[in-house]
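Right, one structure below, let's go through it.
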Amino acid sequence: MRDGHYLYWWRETLGIAVFYAIYTSIRNAAPENVKAAFRHAVQLIDLEKTLAIYHEQVVNHWAAGIQPVIIACNYFYGSMHFAVTIAAAIFLYRNFPDDYPIWRNTIAIATSLALIVFVTWPLMPPRLLPESYGYIDTLAKYPTLWTFNSGAMKSISNQYAAMPSVHCAWALWCACVLVPRVKHSWLRWIAALYPIATVVVIELTANHFILDAVGGFAALGIGYASARLIANVSRSRSNLETRS
């Protein structure tokens, strides 16, 4: 690497595993404040109505009427989030080790920011709103590998950790990692469209509001700016130590 440090795959894997275990534990251990989560959802809906972007219920009902589309969206939501992110991280680590640390730090900081919001500002996703809001929980209604309503998932998963959307933050991270670095143009197009597809999926399945996606993208932006700052400070210190 440019800074003289060597990346060990086992150390990176262990670090990521520990980080994700801590993240999951804190996220799922946060108390489920249903009243606050519902209040925040109403506030978010009012804001989206003011901005004229509140279309979640309409697109959710449209997609629910086309079973192959919604089942595909359910599988996309449940599997691509991890599979693509892991693949992008491995690709970056193996082929661009000099770029890997800053992007590793970017996703770590963005995910940490999301965790802070999850704990301090619970948000009820559209699918859990009262029936009067007209949403369909597609993961519960249509066949998929898993559902939040299953006994195990319901007991261990914090269903009010919706703002910001980590799905969207990680999807944009994958695009930022892959688009400038993959060789084939068709792969670049797929990578570029991946965050857009993720936004569409979270809307059609009623797992998030559109502003959750905006929050996820903002978290990634803050994560990247912070990672760049950390890298610049570290580089400056290394240069000073070399000169002295």
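The values are calculated or read from the model by the stated rules, or taken from the named source; none is laboratory data. Here the structure is a predicted model, which is why all the values come from computation and not from measurement. Cβ placement follows ideal geometry from the backbone for every residue including glycine, while neighbour counts extend to all protein chains displayed.
Looking at region 118-144, which of its residues are assigned to a helix (DSSP H, G or I) and either at pLDDT 95 or above or surrounded by fewer than 18 Cβ atoms within 10 Å (Cβ to Cβ) (or both)?
119, 120, 126, 131, 132, 133, 140, 141, listed by residue number.
Quick one: which residue in 196, 202, 190 is part of a helix (DSSP H, G or I), within 14 Å of the chain's Cα centre (by Cα) and free of Cβ contacts under 8 Å to residues at least 12 places away in the same chain?
Checking each option against the conditions leaves just 196.
Of the numbered conditions (1) surrounded by 12 or more Cβ atoms within 10 Å (Cβ to Cβ); (2) aromatic (Phe, Trp, Tyr); (3) under 30 Å from residue 105 (Cβ atoms), residue 10 fails exactly one; give the number of that condition.
In the conditions (1) surrounded by 12 or more Cβ atoms within 10 Å (Cβ to Cβ); (2) aromatic (Phe, Trp, Tyr); (3) under 30 Å from residue 105 (Cβ atoms), residue 10 misses (1) alone.
Failed condition for residue 112, given (1) under 14 Å from the mean Cα position of the chain (by Cα); (2) buried (at least 18 other Cβ atoms within 10 Å of the Cβ), with all others met?
Single failed check for residue 112: (2).
So residue 38 fits all but one of (1) farther than 22 Å from residue 222 by Cβ; (2) loosely packed, with under 15 Cβ neighbours inside 10 Å; (3) modelled with pLDDT of 95 or more; what number is the exception?
Going through (1) farther than 22 Å from residue 222 by Cβ; (2) loosely packed, with under 15 Cβ neighbours inside 10 Å; (3) modelled with pLDDT of 95 or more one by one, residue 38 breaks only (2).
Does residue 76 satisfy the condition of being at pLDDT 90 or above, of a type outside the set (Val, Ile, Thr) and either within 18 Å of residue 216 (Cβ to Cβ) or within 21 Å of the chain's Cα centre (by Cα) (or both)?
yes
Sort through 90, 86, 66, 70 and tell me the only one that's surrounded by fewer than 16 Cβ atoms within 10 Å (Cβ to Cβ) and farther than 15 Å from residue 178 by Cα.
Answer to the check: 66.
If you take the residues in region 177-187 that are out of contact with any helix residue (DSSP H, G or I) (no Cβ under 6 Å at 6 or more places or on another chain) and assigned to a helix (DSSP H, G or I), which one is farthest from residue 78 (Cα to Cα)?
Among those that are out of contact with any helix residue (DSSP H, G or I) (no Cβ under 6 Å at 6 or more places or on another chain) and assigned to a helix (DSSP H, G or I), it is 185.
Does residue 195 satisfy the criteria of being at pLDDT 95 or above and in contact with a Leu (Cβ under 6 Å, 6 or more places away or on another chain)?
yes
Just to check your reading of the model, which residue among 19, 91 is at pLDDT below 95, farther than 24 Å from residue 207 by Cα and in a helix (DSSP H, G or I)?
The conditions single out 19.
Residue 54 fails exactly one of the following numbered conditions: (1) part of a helix (DSSP H, G or I); (2) over 18 Å from the mean Cα position of the chain (by Cα); (3) surrounded by 12 or more Cβ atoms within 10 Å (Cβ to Cβ); (4) among the aromatic types (Phe, Trp, Tyr). What is the number of that condition?
(1)
Is it the case that residue 47 is assigned to a helix (DSSP H, G or I), among the aliphatic types (A, V, I, L, M), surrounded by fewer than 18 Cβ atoms within 10 Å (Cβ to Cβ) and touching a residue at least 40 places away in the same chain (Cβ under 8 Å)?
yes
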